[in-house]
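Data block below; observations after.
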């Protein structure tokens, strides 16, 4: 496995934050989380963040024990300000989309502090898992 230093790190991300919603083998399925309208969660995020952030679906992010997983990646300005991707797991509360939306609308990672409730969902995935998201 190679190590990258800051000089060889990839360029800053897009001009706006990116919200990645896992909808792989466990996230987004009634078998794993039966009481949540998974489609509505993704639709609500996409509608609320139109023009503010890119909302995309991903296949399995390989952290199935934390279904549903949503990753908030900083905008270019957020990254320059020190923001890094924030991984949220067990995002199974129907109101969580509103908290995510409020944070991203305020600037997201690097530019705004997340609502306190989102810190309960935050986790750090393995380096391998993080790198797979960067490859998408």
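Summary of values
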| item | result |
| --- | --- |
| Neighbours by Cβ (under 7 Å, 6+ apart or cross-chain): first from region 84-102, without any contact (Cβ under 8 Å) to a residue 24 or more places away in the chain and at negative phi; second surrounded by fewer than 22 Cβ atoms within 10 Å (Cβ to Cβ) and not in a helix (DSSP H, G or I) | 99/115; 102/115 |
| Residue count, region 57-86 (criterion: farther than 12 Å from residue 16 by Cβ and under 12 Å from the mean Cα position of the chain (by Cα)) | 10 |
| Residues satisfying the stated conditions in region 98-130, i.e. under 14 Å from the mean Cα position of the chain (by Cα) and modelled with pLDDT under 90 | 125, 129, 130 |
| Residues located in region 9-22, provided they are in contact with a helix residue (DSSP H, G or I) (Cβ under 7 Å, 6 or more places away or on another chain) and at pLDDT 80 or above | 15, 17, 19, 20, 21 |
| Sole exception among (1) out of contact with any strand residue (DSSP E or B) (no Cβ under 6 Å at 6 or more places or on another chain); (2) exposed (fewer than 15 other Cβ atoms within 10 Å of the Cβ); (3) more than 19 Å from residue 106 (Cβ to Cβ); (4) at pLDDT 85 or above for residue 57, by number | (1) |
| Qualifying residues in region 92-123 (those that are under 19 Å from residue 44 (Cα atoms) and touching a helix residue (DSSP H, G or I) at 6+ places or on another chain (Cβ under 6 Å)) - the one surrounded by the fewest Cβ atoms within 10 Å (Cβ to Cβ) | 117 |
| Test for residue 89: is it under 11 Å from the mean Cα position of the chain (by Cα) and buried (at least 18 other Cβ atoms within 10 Å of the Cβ) | yes |
| Residues of region 110-128 satisfying the condition of being over 22 Å from residue 33 (Cα atoms) and either free of Cβ contacts under 8 Å to residues at least 24 places away in the same chain or not in a loop (DSSP other than H, G, I, E, B) (or both) | 112, 113, 115, 116, 126, 127, 128 |
| Selection status of residue 42, at negative phi and within 14 Å of the chain's Cα centre (by Cα) | yes |
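The values are calculated or read from the model by the stated rules, or taken from the named source; none is laboratory data. Source: prediction; values computed, not measured. Glycine also receives a Cβ, built like all others from the backbone with ideal geometry; neighbour counts cover every protein chain displayed.
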